[in-house]
Amino acid sequence: MMRMLNLAGRQHLPMLALCLTLIIVTTLIQLVLPLGVQQMLDNVLSTGTALDLHHLALLLLGLFAAKAIVGYFAQLMLMVTGDRIIVTVREKLFSHYQFLSLAQHKDHSVGDWVSRLNNDITAVRNVVSNVAIAFIVSVLQLIGAALIMLSMNPSLALVVLLLGPATTLVSKLFGATFFRLSKRIQEAMADSNSTLQESLSGIEAVKTFSRERHQIGQYRQQMKRFLARAIEARKADSLYNAIVAFITSVTTIAIVWAGGLAVIGGELTAGMLVAFLLYAQYVTQSIVSIAGHYSAVKQAEGASDRVFEILDMETEASDGENSQQAIQPRSISFHNVAFSYPDKAVFAGLDLQVKQGDTVAIVGPSGCGKSTFLRLLPRLYEASAGSIEINGKALRDYSLKQLRDAMSVVSQDIHLFETSVLENIRFGRLDASDDEVIDAAKRANADEFIRDLPQGYASEIGANGCFLSGGQRQRIALARAFLKDAPILLLDEATSSLDADNEQRIQAALAHIQGRCTTFIIAHNPATIAHANVVLDMQRYRQPPMPELATVSGELVARRALG
Ligand SMILES: Nc1ncnc2c1ncn2[C@@H]1O[C@H](COP(=O)(O)OP(=O)(O)O)[C@@H](O)[C@H]1O
Ligand SMILES: [Mg+2]
């Protein structure tokens, strides 16, 4: 919890201190009530006149009106501060998400990320504002009531206060269980969120394979698991509450019994016994509420753990110089480069020299590591061995921003955003004018079809461009990359969904920038490969090696070299 506060910034501390002070004031007023009642019973009722009673009642009324007003402000400020803290933590988590590496992102499902940012942070927020206020009130009430009772009748007070250690003991016993159960519930929730997310975004695949019922079954399984875990937690919760409630009622009975004897013996006035019962009620209420909040706090700790698990992950390597200077790549070289995913070697021993203006065609059968190779240049993944240098300087000696600013990428899995065509292309360079966007669209041979859309460039394209055809999406992605106008162009099967005519026009656009841009292009089309002046056959570096295929592709390379 303290970490949460630290994270949200210390600027909230004065406000929290003020809230705390106001809460102390309201609690003190609350503590006066039983004393007033005692006054009434012991003095006003036996000896006084009706006028004294009026005075006493009005005094108490005034006090409690003041308490209501102070309480209103304390509650309001505390809630708002809670909102502020949570907004800050959410923003921090979101920006942390943005800067985690691709590999870390792939380790978790989207549903899991969403669940941490929404559900888990909300669980923590409840504790910060709702539970915190009640917790502080309870503690103060407990201490105040205890002191007053001790001054009235120490031995009777001790009976009530024995309750404290008993409940603390129960709390300790249950604390660890609550923590574990809560984490398991949140995990089950995150799993079901993933299924939800996947079924929604993959709805077309679900429908074409008639897998609606299968998905429903899967979700139901997860809900079943969630329910089982929730029931476990509720059982622990209820058992805990029942034990605590029993301990507290035992105390009330003890007071009436022992206190009654004291009144009979003349050691205690009747008014004091009533006040005592009221204070004892404060004490039991406080302990029950502290205990209840204890479990809420424990649950929130489980949720906040899941938040900090992410915040503790290191963000992408930002080693290298902290420079924004644009890279002018004169040469790019690969020496003995190898890459493995955690459980799979992809390629090794790759050597390649590329000069400015070269077009490198990357060829090889599906799954041989072409897309993976392209991810090494912007350092989406790190090479496992060997070195990659631009202008004789290792990639990691540039800042990530510098490196990625120097590259325009059209990846194999294009992602478009749920906004207009114009804004999607402008994603390539945020300060581009409308004319520049249109010019890039023309070069990607997209202008014509965009103008045919209902609202032209202002047309919304749906989630991930779902209102467009595959070829149209590719051309928007190409326009976005052209607009960025970076010196290195990485194209991963960027024209695979286009018809021959469209592909040829894009080929022409690429030929136009050839010489200015250094281009890496993954393609299967012989015409595209023919345009390249370097051919990189990934099959040759494949891990583990595949000898019989290597000869075939070796011939391809030889043929290419001849022209
Ligand atoms: N994130 C990943 N984790 C583990 N293995 C992967 C991952 N991405 C791809 N692979 C594996 O690496 C190999 C190369 O994939 P990829 O570079 O996409 O091939 P290509 O683009 O040549 O079709 C494939 O066998 C694939 O199974
Ligand atoms: Mg690929």
**OP:** Lys and Arg at +1, Asp and Glu at -1: add these up for the other residues within a Cβ distance under 13 Å of SER371 and post the number.
**Re:** -1
Original post:
Ranked highest first by average number of other Cβ atoms within 10 Å, how do 283-292, 197-206 line up?
Top reply: 283-292, 197-206
Original post:
Which three extents, in whole angstrom, do the alpha-carbon atoms of the range 331-562 cover along their principal axes, largest first?
Top reply: 54, 38, 35
Original post:
When all protein chains stay in place, what accessible area (Å², nearest 10, 1.4 Å probe) is found for ARG125?
Top reply: 40 Å²
Original post:
Using θ = phi - 60° and the Karplus form 6.51 cos²θ - 1.76 cosθ + 1.60, what ³J(HN,Hα) does each residue of the range 149-159 get, whole Hz, x for Gly and Pro?
Top reply: 5, 4, 6, 6, 7, x, 5, 5, 4, 5, 4
Original post:
Distance from the Cα centre of the range 473-511 to that of the range 247-306, in angstrom?
Top reply: 74 Å
Original post:
Hey, got a sec? Which chymotrypsin sites (Phe, Trp or Tyr not before Pro) in the range 149-250 land in a DSSP loop and have at most 11 other Cβ atoms within 10 Å?
Top reply: PHE209
Original post:
Tell me, Kirkwood radius of the chain from alpha-carbon pair distances, in Å?
Top reply: 29.8 Å
**OP:** Find how many whole Å separate the alpha carbon centroid of the range 26-75 from the alpha carbon centroid of the range 349-413.
**Re:** 78 Å
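Of VAL32, VAL410, which has the most accessible area and how do the rest follow, probe 1.4 Å? Kindly include the intermediate steps, with their values, before the conclusion.
Working: VAL32 55, VAL410 5 Å².
Reading off the accessible areas and sorting them downward yields VAL32, VAL410.
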Original post:
Relative to the first principal axis of the alpha-carbon coordinates of the chain, what is the inclination of helix 270-311, with its axis defined by its Cα atoms, in degrees from 0 to 90 and to the nearest 10?
Top reply: 10 degrees
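Taking 0.36 nm per residue of separation and subtracting the Cα-Cα distance, what length does fully extending SER387 through ALA254 add? Please report the intermediate quantities before stating the final value.
Working: separation 133, 0.36 × 133 = 47.88 nm, distance 7.94 nm.
Going from the current span to full extension adds 39.9 nm.
In square angstrom, what is the accessible area per residue of the chain with a 1.4 angstrom probe? The partial results should precede the final answer.
Values: 28680 Å² over 563 residues.
Counting only protein heavy atoms, the per-residue value for the chain is 51 Å².
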Original post:
Restricting the count to DSSP beta bridges whose residues both fall in the range 331-562, what percent are antiparallel, rounded to a multiple of 5?
Top reply: 50 percent
**OP:** Starting from the residue with the highest accessible area, list LYS183, LYS370 in decreasing order, probe 1.4 Å.
**Re:** LYS183, LYS370
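Counting only protein heavy atoms, what percent of the accessible surface of the chain is carbon or sulfur at a 1.4 Å probe?
61 percent
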Subject >> Accessible area in the full protein assembly, largest first, 1.4 Å probe, for ARG475, ARG180 >> reply: ARG180, ARG475
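Can you pull out the GluC sites (Glu not before Pro) in the range 227-328 that DSSP calls coil and that have at most 12 other Cβ atoms within 10 Å? Can you show the working numbers first?
Details: sites: GLU232, GLU267, GLU301, GLU309, GLU314, GLU316, GLU321; in loops: GLU267, GLU314, GLU316, GLU321.
In loop regions of the range 227-328 (DSSP not H, G, I, E or B), the sparsely surrounded GluC sites (Glu not before Pro) are GLU314, GLU321.
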Subject >> Over 30 Å between alpha carbons, listed pairs LYS401/LYS442; LYS106/LYS207; LYS106/LYS355 >> reply: LYS106/LYS355
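The values are calculated or read from the model by the stated rules, or taken from the named source; none is laboratory data. Because the structure is predicted, anything quoted here is derived from the model rather than measured. Neighbour counts are summed over all protein chains in view; Cβ atoms, including those assigned to glycine, are modelled from backbone coordinates with ideal geometry. Side chains included, ligands, DNA and RNA excluded: accessible areas come from the protein's heavy atoms. Shrake-Rupley method; radii C 1.70, N 1.55, O 1.52, S 1.80 Å.
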